[in-house]
Amino acid sequence: MIVYYVVGRPRSGSTFVGDWIARELDILNAGEVWQTLRTLNAVDPGALRDGEGRWTRPEARAAKEVEIRANPFWSRVLERPGDDLYAALVETAKEQWSAFVDCSKTDEGIEHYRRLGCDVVVIHTVRAYSTWVRSVMRYRAQHHLARYGRLRLLVSYIRTNRRLARFARTHRYYPIRQEQLSDAQSHLPRGFAESGIGGGYERHEMFGTPKFNASYSQQRAAPKVTLFDRLLYALIGAR
């Protein structure tokens, strides 16, 4: 089983890239698997870094769990015996596919798949810092979350992306910057995807966000990249 595992900071284009890969290869997009399992209390929420994704409203989490359990794919996963939902996910996916996409963003699930014998291909999405920081600050204000200063966000941006770039030494690893999203295919090296996978495209993700749109639009890209952004790309290894 091949797992195309998408990592990156939130608001970096990871959801679009994951769905693009699933459509391109005609396979399953299992969505943000780690976040899905966190909602089901199947992973340790203490593994969260930088306070990302912490729940602020219990009722929102409860509604999300109901949606997950009603989903036709995830309901089959949850029906399997045993406590290891990563194993249940892989076994359920094997019924139809030889590969699937996991858009978890965080790298917490990679070792789980490796222990299950999966071939993990890491896709690292990186957004230019100048547009990423504005997007994060706007998002946190819109959802009444704690506001972070630019310096804190810069340190977090560098630290997280450098940590994720380490997979270049151990996995098939492909960075893709957000300004490349309009032509993602040409920026992923030939052979990044195994041929003849198929099985049929399905998307089971973004539970609890009914208005979310995974489609690409030019407004969601960052076509203008500053010199400072390019220096940061070099620093984190995403040139």
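Some observations on this one:
- When the surface is traced with a 1.4 Å probe over the full set of protein chains, W132 keeps roughly 0 Å² accessible.
- Residues of segment 121-150 with amide N under 14 Å of a point placed 7 Å along Cα→Cβ from T170: 121-122
- Per residue accessible area of segment 109-172, 1.4 Å probe, in Å²: 55
- Accessible area, probe 1.4 Å, largest first, for residues L89, L231: L231, L89
- For S104, S186, S75, the ranking by accessible surface with the largest value first comes to S186, S75, S104, using a 1.4 Å probe.
- Averaging Cα coordinates gives a centre for segment 78-95 and one for segment 104-131; these two points are 20 Å apart.
The values are calculated or read from the model by the stated rules, or taken from the named source; none is laboratory data. Computed from a predicted model, the values in this text were never measured in an experiment. Don't worry about glycine lacking a Cβ; one is built from the backbone with ideal geometry, like all the others, and counts go over all protein chains shown. Only protein heavy atoms, including side chains, enter the accessible area calculation; ligands, DNA and RNA are left aside. Shrake-Rupley method; radii C 1.70, N 1.55, O 1.52, S 1.80 Å.
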